[in-house]
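Visitor: Structure provided below as structure tokens; questions to follow.
The values are calculated or read from the model by the stated rules, or taken from the named source; none is laboratory data. Since this is a predicted model, take the numbers as computed values, not measurements. Methodologically, a virtual Cβ is constructed for each residue, glycine included, from the backbone with ideal geometry; neighbour enumeration extends over all protein chains shown. The area values use the complete protein model at the heavy-atom level, side chains included, leaving out ligands, DNA and RNA. Shrake-Rupley method; radii C 1.70, N 1.55, O 1.52, S 1.80 Å.
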Amino acid sequence: MSATQNINKEAKSLRDFTRMTLAFFLSLVVIAIYQQSRLYLSGVLDQVVGKSLFLLLVHHIGFSALVSLPLAFIFKALERKRPSLGLNAIRMIFLGLLVIEVILVEYYVSHFEILGEGFLMMYKARTTLAEFTITLLIAVPICTALYYLFNRISSSTYRLIGRMYPFTVILFSLFLATLYSDKKPINENKTQHLVVNATAYALDLNKYEGDEPYPLMRPFKANSDLEKHIALKEVPPNIIFLILDGVGTDFIGAEGAYSGFMPFLDSLKTKSIYWSNHLSNTGEGHASLATIMGSLPFGETGFNEASHRINRNSLFGMLKKNGYTTAFNYGGNSALNQWDKFLFEDRVSRLLDFKGFGASYSMQKEDAAGISLGYPDKELYRKWIADREEFTRPFVEVFFTLSSKNPFEIPDKDLYIKKVEQIVDKRPIRRTSAKIIRKNKEVFASLLYTDEALAEYINQFKKLEAYSNTIFIITGSHNLTELPPRDPLSRYRVPLLIHSPLVKAPVERGDLVSHADIVPSILGLLARSYDLNLPDQTSFIGQGLGTGLSETLNKSIPLYRHAFGIKDYISSPYLISDGNIYGLTDDLRVVEAEEDAPRNHLFQEFKQFKAINKYVLREDKLIPPQSTLFAQLSYEPSKQEMIWINSVFNGADFDNAYKTARSLAINGHYERALLLSSYILNRVPGHADTEILMGRITAWQGDYGKAIEILEGCIVKYPVYADAYSALLDVYYWSGQNERSLLLERQIERNKVENENLRSKMTRALDALLKTSEEEKRKITGNQNSFSINKLKSRPE
């Protein structure tokens, strides 16, 4: 027997396995280059070698690590059983994976979409048997040749490979890193994507399997228990929502665990319709907006976190269609939780967030990380009072406060902390509660401030004529989680008050209700008194404010605890929380469930709701597209365009995407810059810099009329943002419309926008006007405001 034969009969080592892993990865590199080249030749990409190729290679490294780690153990086990058995088996597995990757890449570059769950149906629908056979016949020899080529190359460095077994450990570390990177179809390993998605779908045991394509949709009935409490006038009422972040029932009334820190709200409770058994449907403040204003489900991560637009009808949209003006007011950044996207899709007339305040208003103090939440509550209300216009139509105004939110950096914080200490010292407070208050003084100081700001706003509003026909709906977003919870319902207990001069008499109601019940009842109240054009079908998850624990045993309230999903559910008189079943008393105390509680039925009901909740958002099955009141406004890129977008922007930082769009525009790639800008605004409608950039690009292309339309819209949205005025002044100058700059100057002064660059551009416009003929000057003098013309005449020569 020869020496060579003896070597072949010896068990192979991990050195040989490392060679095969390296050959596998290098083959994936070639496949990656093939993908990028195909996309480049089809005009989808601008270059083969770029960021997207780099990210694809990183994910291929991760996939190689994922595959090689378990295969290393299989390799060793098979080699112990018989020499070369492990070598041959792993070689075939690697070759099989390469062939699958080629087939999936070929599908991707041909149809511009990646295969995931339901891949067999999609592949059959798009690919014929002949096409598949041809792809397979080409893929097998090419993958085999590539693999053996790289394996042969690695054999020439056999000793080096011997020291490279730690290479697999490095690969695995890189794989762990890729788990936290943002994947897009263009830069994913296609086999890994297919396996992960198909497996997740197969293991999902909570699928909706009903026959109704829109399981939440039901006929709208104009029923409302509010009629007996509210006396409406001939003219539809104004409605103001005051959503106080983190304010729970623990802080309201004598029965609250921490009473005495919101005296104005306590007094208002005795003059209003008050629901003592009211719950937020969410344990996180940002998730409450969609439920309060739309009675909308949560999906898996919250309604506003859906990656695509969901057809729906909210209170914003339904009342706007019936003549109301709608507005949302918030002192922070409305883009952080995609509120701006939600509001934009519902055609909210006016959005005020931190971009609209200006130098006359002071932001909250920065936290330890150097970040300010935005403008505190008093500044928010002051801004609204200062900017309000004459009320010519009924309106819906929504305020979402932030001062009672962590890190509780309110103005004059020390002053309010002293007030907290005085309350603790003077009031009879339980020892346990007093201890918690002293340890969390900044929390209770923020509640005092929030309450004081609310009192000032409502007292100021009472002086307005509109007050006589206005309904205030006051609630908390959720109960603060910074304090110890009493029971599984603690985070959801929030007050609900309806305060108005239209309320016939104060009343406290004991119905079990939630945020999701508000919209159905408000619409029912209005529909029974006015000729409103409302949809015949709705998909509310709430049932209205008129049914409760003491009246029916069929009340169900889903409770979205946090981003990890729905953990709690009420099917009165029971509560499901973390797999346990509790009973609920008439005053909403959580007690042990009785022995004969219908446990199987309750768990089945909870499971069914979770399946429906996930299905309607994932598949966009709340209502049919033709039933939505507003058509799709946002631009949806084609598959080819989406591949290009993913090639230049990978992640969730849209500021970086803006920088990329700006760079493209500066380099003259206007169409690409506009495409990326449209995508940014589709995802973040309030990204002011991107909208301004689109106006500039449009002007650079020579379409001054459209550019002015875009930029004048920016000034309406962002009235204190100097960049918007700067861009508009440029377009006026380029298009020879400098007389319009004079009108703009007054708006700049009114909004107190102080900027040296703006002054320079105004001077440029005035200089251009001075060069016009005397006839044109007289024309300007006759048409423009005298304050600007006086500046023209008084300028030194």
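Visitor: What are the residues in segment 494-533 that are open to solvent by 10 Å² or more (accessible area, probe 1.4 Å) and in contact with a Gly (Cβ under 7 Å, 6 or more places away or on another chain), if any?
Guide: Scanning segment 494-533 gives GLY510, PRO520.
Visitor: Do we have LEU268 as open to solvent by less than 10 Å² (accessible area, probe 1.4 Å), at pLDDT 95 or above and within 24 Å of the chain's Cα centre (by Cα) here?
Guide: Values: open to solvent by less than 10 Å² (accessible area, probe 1.4 Å): yes; at pLDDT 95 or above: yes; within 24 Å of the chain's Cα centre (by Cα): no.
Answer is no for this residue.
Visitor: A further question on this structure: For segment 462-493, which residues satisfy the criterion of being over 16 Å from ALA257 (Cα atoms), assigned to a helix (DSSP H, G or I) and either of a type outside the set (D, E, K, R) or open to solvent by less than 10 Å² (accessible area, probe 1.4 Å) (or both)?
Guide: Scanning segment 462-493 gives ALA466, TYR467, SER468, ASN469.
Visitor: Determine which single condition LYS659 fails, assuming it passes every other condition in (1) open to solvent by 60 Å² or more (accessible area, probe 1.4 Å); (2) touching a Leu at 6+ places or on another chain (Cβ under 8 Å).
Guide: Unmet condition: (2).
Visitor: Can you say whether GLY331 is within 19 Å of HIS515 (Cβ to Cβ) and buried (at least 21 other Cβ atoms within 10 Å of the Cβ), as far as the supplied structure shows? If you could, list the steps in order and put the result at the bottom.
Guide: Numbers: within 19 Å of HIS515 (Cβ to Cβ): no; buried (at least 21 other Cβ atoms within 10 Å of the Cβ): yes.
So GLY331 fails the test.
Visitor: Filtering segment 613-634 down to residues that are open to solvent by less than 20 Å² (accessible area, probe 1.4 Å) and β-branched (Val, Ile, Thr), which residue is nearest to SER314 (Cα to Cα)?
Guide: For segment 613-634, the residue satisfying everything is ILE623.
Visitor: OK, next. Among all residue pairs at least 6 apart or on different chains, which show Cβ distances below 6 Å where the first residue, located in segment 700-719, is open to solvent by 30 Å² or more (accessible area, probe 1.4 Å) and the second is of a type in the set (Phe, Trp, Tyr)?
Guide: Listed pairs, sorted by first residue: GLN701/TYR670.
Visitor: Still on this structure: I'd like to know if segment 66-74 contains one or more residues that are assigned to a helix (DSSP H, G or I), open to solvent by 30 Å² or more (accessible area, probe 1.4 Å), under 19 Å from ASN187 (Cβ atoms) and modelled with pLDDT of 90 or more. Spell out the reasoning first.
Guide: So in segment 66-74, the residues assigned to a helix (DSSP H, G or I) come out as 66-74.
Within this subset, residues satisfying the condition of being open to solvent by 30 Å² or more (accessible area, probe 1.4 Å) are 66, 69-70, 73-74.
With under 19 Å from ASN187 (Cβ atoms) added as a condition, the list becomes 66.
Now drop any that are not modelled with pLDDT of 90 or more, which leaves none.
No, the conditions are met nowhere in segment 66-74.
Visitor: So, in segment 733-742, how many residues would count as being open to solvent by less than 10 Å² (accessible area, probe 1.4 Å) and either in contact with a strand residue (DSSP E or B) (Cβ under 7 Å, 6 or more places away or on another chain) or free of Cβ contacts under 8 Å to residues at least 40 places away in the same chain (or both)? Reasoning before the result, please.
Guide: Of segment 733-742, the ones open to solvent by less than 10 Å² (accessible area, probe 1.4 Å) are 741-742.
If we keep only those that are either in contact with a strand residue (DSSP E or B) (Cβ under 7 Å, 6 or more places away or on another chain) or free of Cβ contacts under 8 Å to residues at least 40 places away in the same chain (or both) too, we end up with 741.
Looking only at that region, the number is 1.
Visitor: Quick check: anything in segment 294-304 closer than 22 Å to PRO236 by Cα, surrounded by 24 or more Cβ atoms within 10 Å (Cβ to Cβ) and touching a residue at least 12 places away in the same chain (Cβ under 8 Å)?
Guide: Within segment 294-304, the subset closer than 22 Å to PRO236 by Cα is 294-295.
Pick out the ones that are also surrounded by 24 or more Cβ atoms within 10 Å (Cβ to Cβ) and you get 294-295.
Narrowing further to those that are touching a residue at least 12 places away in the same chain (Cβ under 8 Å): 294-295.
There is at least one residue in segment 294-304 that is closer than 22 Å to PRO236 by Cα, surrounded by 24 or more Cβ atoms within 10 Å (Cβ to Cβ) and touching a residue at least 12 places away in the same chain (Cβ under 8 Å).
Visitor: Sort out which residues of segment 181-213 are surrounded by 17 or more Cβ atoms within 10 Å (Cβ to Cβ) and under 25 Å from the mean Cα position of the chain (by Cα), and write them in order of number.
Guide: Of everything in segment 181-213, those that are surrounded by 17 or more Cβ atoms within 10 Å (Cβ to Cβ) and under 25 Å from the mean Cα position of the chain (by Cα) turn out to be LYS183, LYS184, PRO185, ILE186, ASN187, GLU188, HIS193, TYR208.
Visitor: Write out, first by first residue and then by second, each pair whose Cβ atoms fall under 9 Å of each other, whose residues are 6+ apart or on separate chains, and whose first residue, in segment 250-264, is in contact (Cβ under 8 Å) with a residue 24 or more places away in the chain and more than 15 Å from ASN479 (Cα to Cα) while the second is in a loop (DSSP other than H, G, I, E, B) and open to solvent by 10 Å² or more (accessible area, probe 1.4 Å).
Guide: Every condition considered, the pairs that remain are GLY260/ALA254; GLY260/ARG427; GLY260/ILE429.
Visitor: Let me ask you something else. Can you say whether GLU671 is among the charged types (D, E, K, R), without any contact (Cβ under 8 Å) to a residue 12 or more places away in the chain, out of contact with any strand residue (DSSP E or B) (no Cβ under 9 Å at 6 or more places or on another chain) and in a helix (DSSP H, G or I), as far as the supplied structure shows?
Guide: Values: among the charged types (D, E, K, R): yes; without any contact (Cβ under 8 Å) to a residue 12 or more places away in the chain: yes; out of contact with any strand residue (DSSP E or B) (no Cβ under 9 Å at 6 or more places or on another chain): yes; in a helix (DSSP H, G or I): yes.
So GLU671 passes the test.
Visitor: Before we move on, is GLY695 under 25 Å from TRP339 (Cβ atoms), in contact with a helix residue (DSSP H, G or I) (Cβ under 9 Å, 6 or more places away or on another chain) and assigned to a helix (DSSP H, G or I)?
Guide: Working: under 25 Å from TRP339 (Cβ atoms): yes; in contact with a helix residue (DSSP H, G or I) (Cβ under 9 Å, 6 or more places away or on another chain): yes; assigned to a helix (DSSP H, G or I): yes.
So GLY695 passes the test.
Visitor: Quick one: count up the residues across segment 645-689 that are small (Gly, Ala, Ser) and over 16 Å from GLY713 (Cβ atoms). Working first, answer last.
Guide: Narrowing segment 645-689 to residues small (Gly, Ala, Ser): 647, 651-652, 657, 661, 663, 665, 668, 673, 677-678, 686, 688.
Add one more test, that the residue is over 16 Å from GLY713 (Cβ atoms), and what stays is 647, 651-652, 657, 661, 663, 665, 668, 673.
Residues that pass the stated criteria total 9.
Visitor: Moving to a separate point now. Could you figure out which of (1) farther than 17 Å from ALA23 by Cβ; (2) without any contact (Cβ under 8 Å) to a residue 60 or more places away in the chain isn't true of HIS111?
Guide: Result: HIS111 passes all but (2).
Visitor: Within the set of pairs 6 or more residues apart or between chains, which connect a residue that is without any contact (Cβ under 8 Å) to a residue 24 or more places away in the chain inside segment 381-410 to a residue that is open to solvent by 70 Å² or more (accessible area, probe 1.4 Å) and assigned to a helix (DSSP H, G or I) with Cβ atoms less than 6 Å apart?
Guide: Taking only residues 6 or more apart or on different chains, not a single pair turns up.
Visitor: Right, another one. Residues of segment 635-653 being open to solvent by less than 30 Å² (accessible area, probe 1.4 Å), assigned to a helix (DSSP H, G or I) and either free of Cβ contacts under 8 Å to residues at least 60 places away in the same chain or over 17 Å from LYS51 (Cα atoms) (or both), which ones?
Guide: Of everything in segment 635-653, just one residue is open to solvent by less than 30 Å² (accessible area, probe 1.4 Å), assigned to a helix (DSSP H, G or I) and either free of Cβ contacts under 8 Å to residues at least 60 places away in the same chain or over 17 Å from LYS51 (Cα atoms) (or both), namely ILE645.
Visitor: Then there is this: Given the structure, is LYS365 open to solvent by 20 Å² or more (accessible area, probe 1.4 Å), over 23 Å from the mean Cα position of the chain (by Cα) and without any contact (Cβ under 8 Å) to a residue 12 or more places away in the chain?
Guide: The answer is no for LYS365.
Visitor: Continuing with this model, one more query. Quick one: which of TYR679, TYR725 is of a type in the set (Ser, Thr, Tyr) and either open to solvent by 20 Å² or more (accessible area, probe 1.4 Å) or touching a Phe, Trp or Tyr at 6+ places or on another chain (Cβ under 8 Å) (or both)?
Guide: Values: TYR725 fails: either open to solvent by 20 Å² or more (accessible area, probe 1.4 Å) or touching a Phe, Trp or Tyr at 6+ places or on another chain (Cβ under 8 Å) (or both).
Going through TYR679, TYR725 in turn, just one is of a type in the set (Ser, Thr, Tyr) and either open to solvent by 20 Å² or more (accessible area, probe 1.4 Å) or touching a Phe, Trp or Tyr at 6+ places or on another chain (Cβ under 8 Å) (or both): TYR679.
Visitor: Continuing with the same structure: Test PHE444 against the criterion of being of a type outside the set (S, T, N, Q), within 20 Å of TYR324 (Cα to Cα), outside any loop (DSSP other than H, G, I, E, B) and at pLDDT 95 or above, and give yes or no.
Guide: Answer is no for this residue.
Visitor: Return the pair list, or none, for Cβ contacts closer than 8 Å from residues in segment 743-754 that are assigned to a loop (DSSP other than H, G, I, E, B) to residues that are open to solvent by less than 40 Å² (accessible area, probe 1.4 Å) and of a type in the set (Val, Ile, Thr), at least 6 apart or on different chains.
Guide: Short answer, once both residue conditions are applied: ASN751/VAL720; LYS752/VAL720; VAL753/VAL720.
Visitor: Could we say that TYR457 is open to solvent by 20 Å² or more (accessible area, probe 1.4 Å), under 23 Å from ILE518 (Cβ atoms) and not in a strand (DSSP E or B) here?
Guide: On the way: open to solvent by 20 Å² or more (accessible area, probe 1.4 Å): no; under 23 Å from ILE518 (Cβ atoms): yes; not in a strand (DSSP E or B): yes.
So TYR457 does not fit the description; no.
Visitor: Scan segment 581-602 for residues that are within 28 Å of PRO213 (Cβ to Cβ) and either surrounded by 15 or more Cβ atoms within 10 Å (Cβ to Cβ) or of a type in the set (Lys, Arg) (or both) and jot them down.
Guide: The one that is within 28 Å of PRO213 (Cβ to Cβ) and either surrounded by 15 or more Cβ atoms within 10 Å (Cβ to Cβ) or of a type in the set (Lys, Arg) (or both): LEU602.
Visitor: Is it the case that some residue within segment 388-405 is under 28 Å from TYR725 (Cβ atoms), modelled with pLDDT under 95 and either of a type in the set (Asp, Glu) or in contact with a Leu (Cβ under 7 Å, 6 or more places away or on another chain) (or both)?
Guide: yes
Visitor: For segment 748-762, which residues satisfy the criterion of being open to solvent by less than 60 Å² (accessible area, probe 1.4 Å), out of contact with any Phe, Trp or Tyr (no Cβ under 8 Å at 6 or more places or on another chain) and modelled with pLDDT under 90?
Guide: Keep residues of segment 748-762 that are open to solvent by less than 60 Å² (accessible area, probe 1.4 Å), which gives 748, 751, 753, 755, 758, 761-762.
Add one more test, that the residue is out of contact with any Phe, Trp or Tyr (no Cβ under 8 Å at 6 or more places or on another chain), and what stays is 751, 762.
Hit for segment 748-762 is ASN751, nothing else.
Visitor: Being of a type outside the set (A, V, I, L, M) and closer than 20 Å to LEU95 by Cβ is the filter; apply it to segment 24-61 and report the residue that is surrounded by the most Cβ atoms within 10 Å (Cβ to Cβ).
Guide: Step one: list which residues in segment 24-61 are of a type outside the set (A, V, I, L, M), which gives 24-25, 27, 34-38, 40, 42-43, 46-47, 50-52, 54, 59-60.
This time we only want the ones that are closer than 20 Å to LEU95 by Cβ, so: 24-25, 27, 34-35, 60.
Details: PHE24: 26, PHE25: 21, SER27: 28, TYR34: 16, GLN35: 25, HIS60: 24.
Among those residues, the one meeting the criterion is SER27.
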